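Quick notes on the structure that follows.
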Amino acid sequence: MRAVVVSIGRELARGLSLDTHSRDIARALSALGINVVRHVTLDDDAAAIAEGLRDAAADADVIVASGGLGPTQDDCTRFGLAEAMGEELVENSEAMAHLETFAKARGRRVRGANRVQALLPASARALPNPVGTAVGIEANLGEARLFCIPGVPVEMHTMFDEQVLPQLADSPDARVMVVRTVRTFGLFESVVAERLPDLMTPGRHPHVGTAVHSGLIDIHIYASGNRDEAEALVAADVATVRKRLGTAVFGEGHTGLEEAVAALLAERGATVALAESCTGGLVAATLVNVPGMSDFFVEGVVAYANASKVRALGVDERLIADHGAVSEPVARAMAEGVRVRAGADVALGITGVAGPGGGTVEKPVGTVWMALADASGTEAARHLLMGDRAQIRLRAAYYALNMLRLWLMEGPQR
Ligand code: ATP
Ligand code: MG
């Protein structure tokens, strides 16, 4: 079965807000094994909607469209749909009854502007909306089965789950699409590709693809078939990916690096302290995304000015004078200083040039030194990170968390 997902709204078409409904709808349809071939975003304009829906119908068995079912003049999905179907809009008795019940429950009467929400193409069916005034519309458009649901997020989700999905979900042995995601950090995308050439061959089933975000690489594995078959195929690939990518793998699904670190801290019973300069507390803020971190995270110091590095962390002024604040000796001294100060088992020091200014030939923007200190010594690493200031800070925070993760997994790397 082929599906097209349509989002209707001027704010979406013009880029004022992000279309997240298409993502959510496509994800749920894909999980049923439905082949989502296209996403279309349309302006609140009846002619554009009519054209967009007709195009979609030529290409799909199912169309799920959201938005533009409200009572105001800018909501014209029903007009576009009627035009595409070549039908008149008529007052639908079920839709009218819904409007009346909804209004009555709130001690009101159906007002003039709301009456338009009872108008449906003559052959269409109303889909009840338990959480709003706008009823959904189910219709046949050419060969395609079309569902129109409201754009208000809670209404969209409720109606999609209750009115649309059950109509598309098939028998237990229906073909489904199973997707699992293996998350990695610290590898280049090209290296991932080199280690998984057989899995990533175009046309292979399961399909294995990568997605990169700020140095994290997700490996998505998709298989279709009946559920048991598809799950077994995906599980086999997950095992292969984990084996070939080794310690770069930190989790699955939506697991964050900080959750991987937190689990390892708990396993090892280790405590950690942080001395942050260019990340400005981002490593600490990320770590405390995980509930219960007070058992393991003792203290984080944001030592941004040189004077603070000296006063709060005991960094020797001469190190800063001789090597600069962004340097290996200073990163080491920051980590060692905060570890002693906090009485923690392990500590990180992070200092870098986040930009946009402050770069030099020797230390260009994106240069970050980080160090990890434990009772037996200190190790340091230099990274040259890409992107704007926010990206450099985020990537630096991830590298720091990853340094800690590898220490927790494998011990000192020196
Ligand atoms: P209804 O059909 O109930 O009238 P609508 O499109 O007319 O829906 P709007 O008032 O335009 O409702 O939108 C309500 C809210 O839902 C807005 O904040 C809008 O940005 C959001 N929204 C609508 N469509 C989407 C979408 N595709 N993705 C994310 N948010 C959306
Ligand atoms: Mg709208």
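In a residue-by-residue description of segment 167-189, the property of being of a type in the set (Gly, Ala, Ser) and under 30 Å from Leu408 (Cβ atoms) applies to at least one position. A single entry from Asp44, Asp55, Asp59 fulfils the requirement of being within 11 Å of ligand 1 (Cβ to nearest atom) and among the acidic types (Asp, Glu): Asp44. Of all residues in segment 123-153, those satisfying the criterion of being out of contact with any Leu (no Cβ under 8 Å at 6 or more places or on another chain) and more than 9 Å from ligand 1 (Cβ to nearest atom) are Ser123, Arg125, Leu127, Pro128, Pro130, Val131, Gly142, Glu143, Ala144, Arg145. The set of residues in segment 375-409 that are under 14 Å from Gly352 (Cβ atoms) and either in contact with a Lys or Arg (Cβ under 6 Å, 6 or more places away or on another chain) or without any contact (Cβ under 8 Å) to a residue 12 or more places away in the chain (or both) comprises Ala380, Leu385, Ala390. Residue count for segment 192-218 satisfying the condition of being assigned to a loop (DSSP other than H, G, I, E, B) and loosely packed, with under 11 Cβ neighbours inside 10 Å: 5. Pairs linking a residue in segment 230-251 that is surrounded by 15 or more Cβ atoms within 10 Å (Cβ to Cβ) to a residue that is of a type in the set (Phe, Trp, Tyr), with Cβ atoms under 9 Å and 6 or more positions apart or on different chains, are Ala230/Tyr222; Val234/Tyr222; Ala248/Phe185; Val249/Phe185; Phe250/Phe185.
Quick check: anything in segment 20-31 surrounded by 15 or more Cβ atoms within 10 Å (Cβ to Cβ) and out of contact with any strand residue (DSSP E or B) (no Cβ under 6 Å at 6 or more places or on another chain)? Yes. For segment 32-46, the candidate set comprises residues that are among the aliphatic types (A, V, I, L, M) and either in contact (Cβ under 8 Å) with a residue 40 or more places away in the chain or out of contact with any strand residue (DSSP E or B) (no Cβ under 9 Å at 6 or more places or on another chain) (or both); within that set, the residue that is surrounded by the most Cβ atoms within 10 Å (Cβ to Cβ) is Ile34. For the subset of segment 356-372 comprising residues that are over 18 Å from Val283 (Cα atoms) and touching a residue at least 12 places away in the same chain (Cβ under 8 Å), which member is surrounded by the fewest Cβ atoms within 10 Å (Cβ to Cβ)? So the residue we want is Pro356. Inclusion of Thr158 among residues that are surrounded by fewer than 22 Cβ atoms within 10 Å (Cβ to Cβ), in contact with a Pro (Cβ under 8 Å, 6 or more places away or on another chain), polar (S, T, N, Q) and under 30 Å from Asp218 (Cα atoms) is warranted.
Of the helices (runs of 4 or more DSSP H) that lie entirely inside segment 255-350, those containing 2 or more residues that are under 34 Å from the mean Cα position of the chain (by Cα), surrounded by fewer than 22 Cβ atoms within 10 Å (Cβ to Cβ) and not charged (D, E, K, R) span 257-268, 282-287.
Rule-based calculations on the coordinates, nothing more; no lab input. It should be emphasised that the depicted structure is a prediction, and the values quoted were computed from it without experimental measurement. FYI the Cβ positions are ideal-geometry reconstructions off the backbone, even for glycines, and counts take in every protein chain you see.
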